[in-house]
Amino acid sequence: AKKARLSRDVVSYRMKKFFEEGILQKHHAIIDISKLGYAAHKNFIRFQNMSEPKEQEFIKFVQENPNVVYSASYEGKFDIAVSIWAKNVEELADSLKEMEAKFEGYIAERQMATIIRGEYCVRDYLVNKKSHTKRKIFFGSTPVPFKIDMIDKKILLELGNDARISSVDIANKLNLSADVIYKRIKKLENTGIIQNYNIVPNEENYPYLHYKLLISLQNLNAEKERRLHEYCRMQRNIWYFCTTLGPWNFELDLDVENQGEFRHLLREIKINFSDIIKDYTVMTTFRTNKYDFCPSLPK
């Protein structure tokens, strides 16, 4: 309200309208899951023999799965992404086996990229400007767990599902005082377990096109990687990028008003980084199925 120079009630009303009109799906906390001892493994899947009812069954399975932190549906090389959190290879293998056993015969191809470090940027395109400095909001996959108790875990569970839930509502659920909840949230923020909070647009109604790029890089060194990351932070349309270990080693997400704007930005990226871009895949995201950094109580 302060930044928009409006009253709190007006802002609250407008945000409520975003959900009623299907522009936004949810708010969520960006949680550095590496501090909980987890790594995120993003599986890109191409379907075969998939009917619409069976695809809806797959999406429901993903949405209800306690180990899936993220999923989106695409037009392009892959049909869907399913990001699984796991503390070790055995946990990851168990989750993949469950998914593949349940949908055997419908998965034609699955390629997995483990996220080394993901970073969120400010959505500057919403106000048509470029940031000179962008705050770094990130999560990693190298486990460096912090000690937190069951109350902290339950707070993360609530904020992962709905970042706008009040301290009072969380306190009522946990039979604690709102003051205790507020102080614990501040501590989780100060330790970097909670990095920040974000919106999840509904691509079907959101007035921007969401593109996903999977990029294979070559001849990379620390300076070239720093230059690429800084470019992504300063580019107003790019709101997320990550380094990965897999068939490609870099991903970025961006929102644009039209295809022409995307072509211009893609050309700029290819020209500026022609020395390190080996190959790339473009996909259009048409639906976000799940976005929850804490889909179940951390073990």
Exercise. What's log10 of I(q)/I(0) for the stretch 1-143 at q = 0.09, 0.10, 0.12, 0.22 Å⁻¹, Debye sum over Cα points only, no solvent?
Worked result: -0.40, -0.49, -0.68, -1.35
For this session: Would you work out if the stretch 235-299 is rounded, prolate or oblate? Take a ≥ b ≥ c from the square roots of the eigenvalues of the alpha-carbon gyration tensor; rounded if a/c is under 1.5, else prolate when a/b is larger than b/c, oblate otherwise.
Result: oblate
Problem set entry | Ordering of 28-41, 108-121, 255-268 by packing [mean C-beta count within 10 Å, highest first] | 28-41, 108-121, 255-268
Exercise. For the chain, what does -39500 (n - 2.57) per DSSP helix run (n ≥ 4), summed and divided by total residues, give at 222 nm, in deg cm²/dmol to the nearest 500?
Worked result: -10500 deg cm²/dmol
For this session: Hey, can you find the accessible area per residue of the stretch 168-220 for me, probe 1.4 Å, expressed in square angstrom?
Result: 52 Å²
Problem set entry | Percent of Cα-Cα distances greater than 29 Å, calculated over the stretch 127-281 | 36 percent
Exercise. With all protein chains present, how much of the accessible area of the chain (probe radius 1.4 Å) comes from carbon and sulfur, to the nearest whole percent?
Worked result: 50 percent
For this session: Please turn the phi angles of the stretch 109-126 into ³J(HN,Hα) values with the Karplus equation 6.51 cos²θ - 1.76 cosθ + 1.60 (θ = phi - 60°), one per residue in order, whole Hz, x for glycine and proline.
Result: 8, 9, 10, 10, 10, 7, 7, 7, 7, x, 9, 9, 10, 6, 7, 5, 4, 5
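The values are calculated or read from the model by the stated rules, or taken from the named source; none is laboratory data. Since this is a predicted model, take the numbers as computed values, not measurements. Quick reminder, even Gly has a Cβ in these numbers, built from the backbone with ideal geometry, and neighbours come from all protein chains shown. All accessible areas refer to the heavy atoms of the entire protein, side chains included, with ligands and DNA or RNA removed. Shrake-Rupley method; radii C 1.70, N 1.55, O 1.52, S 1.80 Å.
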